[in-house]
1. Would you be able to say whether some residue in the range A:155-176 is within 14 Å of another protein chain (Cβ to nearest Cβ) and of a type outside the set (S, T, N, Q)?
2. Pick from the range A:311-329 the residues that are among the β-branched types (Val, Ile, Thr) and without any contact (Cβ under 8 Å) to a residue 40 or more places away in the chain: which of them is nearest to the other protein chains (Cβ to nearest Cβ)?
3. Output the residues belonging to the range B:9-49 that are surrounded by fewer than 20 Cβ atoms within 10 Å (Cβ to Cβ), assigned to a loop (DSSP other than H, G, I, E, B) and more than 14 Å from chain A (Cβ to nearest Cβ).
4. I need a count of the residues in the range A:260-269 that are part of a loop (DSSP other than H, G, I, E, B) and either among the hydrophobic types (A, V, I, L, M, F, W, C) or surrounded by fewer than 24 Cβ atoms within 10 Å (Cβ to Cβ) (or both).
5. Filter the range B:71-114 down to the residues that are touching a helix residue (DSSP H, G or I) at 6+ places or on another chain (Cβ under 7 Å), surrounded by fewer than 17 Cβ atoms within 10 Å (Cβ to Cβ) and not polar (S, T, N, Q) and list them by number.
6. Taking only pairs six or more apart or across chains, which ones have beta-carbon atoms under 6 Å, a first residue in the range A:128-153 that is away from every other protein chain (no Cβ under 14 Å) and under 15 Å from A:Leu165 (Cβ atoms), and a second residue that is part of a loop (DSSP other than H, G, I, E, B) and of a type outside the set (D, E, K, R)?
7. If you check A:Val377 against the conditions, is it within 25 Å of A:Val409 (Cα to Cα), within 21 Å of the chain's Cα centre (by Cα) and hydrophobic (A, V, I, L, M, F, W, C)?
8. Looking at A:Thr431, is it within 14 Å of chain B (Cβ to nearest Cβ) and under 20 Å from the mean Cα position of the chain (by Cα)?
Amino acid sequence: MPFIPHTEEDIEAMLGEIGVGSIDELFDEIPQALRIDDLDGVPIALSEQQVSRLMRSRAEQDRGALCFIGAGAYEHHVPSVVWDITTRGEFYSAYTPYQAEASQGTLQTIYEYQTMMTSLTGMDVSNASLYDGASSLAEAALMSVRANRKSKSRRILLAAGVNHLYEKVATAIAGSQGLTFERLPLDTRTGTSDLNSLEDDDDAPVAVVVQMPSYLGTYEEVDKLTDWAHEKGALVIAIVNPTALAVLKAPGDWGTSGADIACGEGQPLGIPLSSGGPFFGIMACKQDIVRQMPGRIVGRTTDLDGNPGFTLTLQAREQHIRRSKATSNICTNQGLMVTAATIYMALLGPEGLRRVALSSQQQTAKLVARLATIDGVEPAFPTPHFHEAVIRLDRPVRPVLEALAKRDVLGGYDLSRDFPELGDTLLVCATETKTDEDLEAYANALQAVMSA
Amino acid sequence: MSELPGDLKYTNEHEWLRQEEDGTVTIGITDHAQSALGDLVYVELPEIGQEVESGGEMAVVESVKAASDVYAPISGEVVEVNEELSDDPEKINADPYGDGWIVRMRPTGDDGDTMSPDEYQAFLDELED
């Protein structure tokens, strides 16, 4: 049943009133070449009952397996109170509400979220969130071009450890606006960016992007990269993992003057993996470029009676006011995910988040040490890592992962496609959710697969 | 409505131009424009040395209500910008024809279409009707 309240008669009457022959005529201004006549590849509609059954059977595929895959989305313990509060009727909306100021509680939650994000990133201002980590990089790249008007370059230089998926998404979103993305070579001995090539880089990029910890779990030389970029007149974009920020130096403190923009994936803050989403994107920046930041921002103010209140602010940057000149076509945020993240952070506090970070790092270190005792398995780098690390096998990774999956172990992420220079490697992750018994179960399964 | 300064030229985009003795032209927005925009909170200035074409975007003025482009009334090179507006955009509200100037340009081509004070006053009167 279509949930459209207009009858055929209603539609005829409305079209007649405005003197238009058909609904299609209302879209006349869209050139024919840009229209799609049919939706090839979109299957026919299913009934509610069929959809429920399909979704249940898909969800069941997730059940039972021990997950050691990180690669951008991380399994953390989410206290049940997080989603208990988040799904209350007062909060349960996906977006910033219309007539936002009528929803003071929602605005206050977003304001608290922004405050927490600026505290974690060491930045001056945070927006109310973006769609996800990958699109947050695209928005940060576009923002850096607007903010760095002295630079004529449209080249964005990525550190070697930037998530390849983020690069693809950023290219898809920002490529048509003339931005190009290049990557520093990877030092295959350390798993970090090879900084020697910076010496020869005469052509200054408009921005340098550093992911910390890197996609490979390693620690980039953020101070050096930041100072090099600023010396060249480039802005610095930090891709962060919010859990790691509980123990690592905040991007605002990188190098002599700090990164200019921090972005990243907010999922680790209380959002379940849910087979890939919905997640939310983080974005924060320095005060001097706040007007180039996309997305909504909530500010604190006082009303006519002098009482404190919350309001959307700097809206002139946004699409509903600035139209085609807006900083972005993003006019909303991931409100529900941000509500969960805010409650998660409030529950854990700085000390709790720090314990999650340290425990995750320790479990991964233990896992790597245990796996390295198996023949044909060794750590790829001697360098320190956060809660993810690269393991080298003496054989192709994919069949091994498939055999592990049959034993209900999701053994990690196959790096051979994104980082072919590393050979047969996989990225493994253990968070605080993995007990020592879980690590042992993985090691036993891998042992069995490798000796089969 | 305040008196229009007699030594300026005006455009139908509500900008004013003052021919300086050194050949440059100072440009700002008119009292009518600032009053229509309301309290200004931010001005985005062009880079010094930037070449702008007549009719092209030159600056952005943002008020609590709206953000509007300021179009270059003439073609030329930006030789000076009013840096004080970065910290103090309301100077445009307080003194649009004086401290609230926006850019100084060295013209590179013909003058664009401008109006005398009387013509601009007539243009404003027509808008109000």
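1. In the first step, residues of the range A:155-176 are kept if they are within 14 Å of another protein chain (Cβ to nearest Cβ); the result is none.
For the range A:155-176, residues within 14 Å of another protein chain (Cβ to nearest Cβ) and of a type outside the set (S, T, N, Q): absent.
2. The first filter runs over the range A:311-329 and keeps only residues among the β-branched types (Val, Ile, Thr), leaving A:311, A:313, A:321, A:327.
Then drop every residue that is not without any contact (Cβ under 8 Å) to a residue 40 or more places away in the chain, which leaves A:313, A:321.
Numbers: A:Thr313: 10, A:Ile321: 6 Å.
Restricting to residues being among the β-branched types (Val, Ile, Thr) and without any contact (Cβ under 8 Å) to a residue 40 or more places away in the chain, the top hit is A:Ile321.
3. If the condition is that a residue be surrounded by fewer than 20 Cβ atoms within 10 Å (Cβ to Cβ), assigned to a loop (DSSP other than H, G, I, E, B) and more than 14 Å from chain A (Cβ to nearest Cβ), then B:Asn12, B:Glu13, B:Glu20, B:Glu21, B:Asp22, B:Gly23, B:Thr24 are the ones that fit.
4. The first filter runs over the range A:260-269 and keeps only residues part of a loop (DSSP other than H, G, I, E, B), leaving A:260, A:266-269.
Subset that is either among the hydrophobic types (A, V, I, L, M, F, W, C) or surrounded by fewer than 24 Cβ atoms within 10 Å (Cβ to Cβ) (or both): A:269.
Of the residues in the range A:260-269, 1 are part of a loop (DSSP other than H, G, I, E, B) and either among the hydrophobic types (A, V, I, L, M, F, W, C) or surrounded by fewer than 24 Cβ atoms within 10 Å (Cβ to Cβ) (or both).
5. B:Glu84, B:Asp99
6. Cβ pairs passing all conditions: A:Asp132/A:Phe279; A:Ala141/A:Leu179.
7. On the way: within 25 Å of A:Val409 (Cα to Cα): yes; within 21 Å of the chain's Cα centre (by Cα): no; hydrophobic (A, V, I, L, M, F, W, C): yes.
Spelling it out, it is not the case that A:Val377 is within 25 Å of A:Val409 (Cα to Cα), within 21 Å of the chain's Cα centre (by Cα) and hydrophobic (A, V, I, L, M, F, W, C).
8. On the way: within 14 Å of chain B (Cβ to nearest Cβ): no; under 20 Å from the mean Cα position of the chain (by Cα): yes.
No: the conditions fail for A:Thr431.
The values are calculated or read from the model by the stated rules, or taken from the named source; none is laboratory data. Because the structure is predicted, anything quoted here is derived from the model rather than measured. Note: ideal-geometry Cβ built from the backbone for every residue, glycine included; neighbour counts use all protein chains shown.
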